[in-house]
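Structure first, then comments.
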Amino acid sequence: MKVGFVGLGNMGAGIAANLLKARHEVAVYNRTEAKTRALIDQGAHPARQIADACRGDAVITMLSDDRAVEAVVFGDGGILASLGKRAIHISMSTISVALSERMAEAHAEAGQRYVSAPVFGRPEAAAAAKLFVVVAGEDEAIDACLSLFDVIGQRTFRFGDRPSSANLVKLSGNFLIASVIESLSEAMALVGKGGIDQNAYLEFLTSSLFNAPVYKTYGNLIVERKFEPAGFAAPLGHKDVHLALEAADALRVPLPIASLLHNRLLSLMAKRGDTIDWSAISQLAAEDAGLKDTR
C-alpha cells in the first residue's frame, strides 16, 4: 500500500519503521526534518511538505494533540487540501471526540475517507509491532487499512462506523491506565512505609491478583524509578485525562477519579517539569507518605 506518514515522535517512528519492514511504500513527513533521516535510510521516501505525504492511498497522522492535528489537517497545504478523492486519512493521534467528529465531517465533504485508529502501547510496543489498534469508521475504509494495522499491532478492535467512537475508547482507556498508576502508587507508598520490600510486593501482585501488562509495566517503572527519558510524558497524560473529562462533560457522565488524576498530573508537572514520565506521580504518593527515597 502507498501511504504517507506524518509525525515521527516516540510512537510514530516505530510504527513507520514496521510499515517499511512489511514492504509498504511509505513517504515520511515531520516538522523536524532530522527525524525522517533514519527512516529514509530504511527506504522511506522524503516528504518535504505535507502534500507530498498525501499522494498515495492513505496518510497516517500520529501527532501530540488537537492543536497539532488541526494545523496538519486544516492548515494551508494540509491534508484536507491535498489528499485525493476516496483516499483515506488514518488518525492514530489521541485527540478529542469533538475534533474527530469535525474531521469526519470535513473529509466526507471533501470526498475523502476518514478512519480513527488510536493505539494502545508505549514506544517499545510500537517498535516491536505489539500495539493494540482501536478503530472506527466505514467498514470499507477500515477493510482497506487492515494490511497496515496487521503489521503494526497484535490485534485490531473495531468499534463501529462513527470514527469518534474509537477516540472515546482511547480516552477512557488512558483514564483507566492513569487510575492504575495512581492506585498502584498509593499501595506502593503504603507497603513501603510499612517496611515491605516493594520488589517482592510487585512480584506478588503481578503473579497473582493483578497479572496484567499494565501492572507489570508501570509497577516496574515505579519500583525502579525509571521516569526519564519518558515513554509517555506527564503533559500528554494530563492532556488525555483533560480530554476524557471534556467528553464526560458533554455526555453528562461524572468522572470524580479523573478529576483527581487531572490535579495529580498538574502537580507533577509543576514540581518535576514536562519531560518526566507520567508514572512519576508515584513519587507524589511517596512524598505524601513521608518516604525519604523519592528521588
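Only the coordinates and a few stated rules stand behind these numbers; no lab work does. Not measured: the values here are computed from a predicted model. Note: ideal-geometry Cβ built from the backbone for every residue, glycine included; neighbour counts use all protein chains shown.
Using a cutoff of 8 angstrom between alpha carbon atoms and counting only pairs six or more residues apart, the relative contact order for the chain works out to 14 percent.
What's log10 of I(q)/I(0) for the stretch 168-288 at q = 0.16, 0.23 Å⁻¹, Debye sum over Cα points only, no solvent? Cα-only, vacuum Debye calculation for the stretch 168-288: -0.74, -1.33.
With a Förster radius of 30 Å applied to the C-beta separation of Ile196 and Lys216, the computed FRET efficiency comes to 0.95.
Residue by residue, the stretch 244-253 carries 3J(HN,Hα) couplings of 5, 5, 4, 5, 5, 4, 5, 8, 6, 10 Hz when phi is fed to the Karplus relation 6.51 cos²θ - 1.76 cosθ + 1.60 (θ = phi - 60°); x denotes Gly or Pro.
In vacuo Debye scattering of the chain, one point per C-alpha: log10 I(q)/I(0) at q = 0.07, 0.08 Å⁻¹? With one equal scatterer per Cα and no solvent, log10 I(q)/I(0) is -0.28, -0.36.
Could you tell me the distance between the Cα centroids of the stretch 211-241 and the stretch 21-64, to the nearest Å? If you average the Cα positions of each part, the centres end up 28 Å apart. The H on the amide N of His89, modeled in the peptide plane, is under 5 Å from the matching H of Val59, Arg113, Tyr114, Val115, each at least 5 residues off or on a different chain. Multiplying each eigenvalue of the alpha-carbon gyration tensor of the stretch 2-162 by 5 and taking the square root yields semi-axes of 21, 19, 14 Å, largest first, rounded to whole angstroms. In deg cm²/dmol and to the nearest 500, what is the mean residue ellipticity at 222 nm of the chain if only DSSP H runs of at least 4 residues count, each as -39500 (n - 2.57), divided by the residue total? Helix contribution divided over all residues of the chain: -16500 deg cm²/dmol. Annotation for Arg252 and Lys2: the two label points, set 7 Å from Cα along the Cα-Cβ direction, are 5.0 nm apart. Cβ-to-Cβ counts within 10 Å put Val241, Val135 in ascending order as Val135, Val241, the fewest first.
For Phe132, the shell of other residues with beta-carbons less than 13 Å away shows a net charge of +4, using +1 for Lys and Arg and -1 for Asp and Glu. When Val191, Val72 are arranged by Cβ crowding within 10 Å, least crowded first, meaning fewest neighbours, the order is Val191, Val72.
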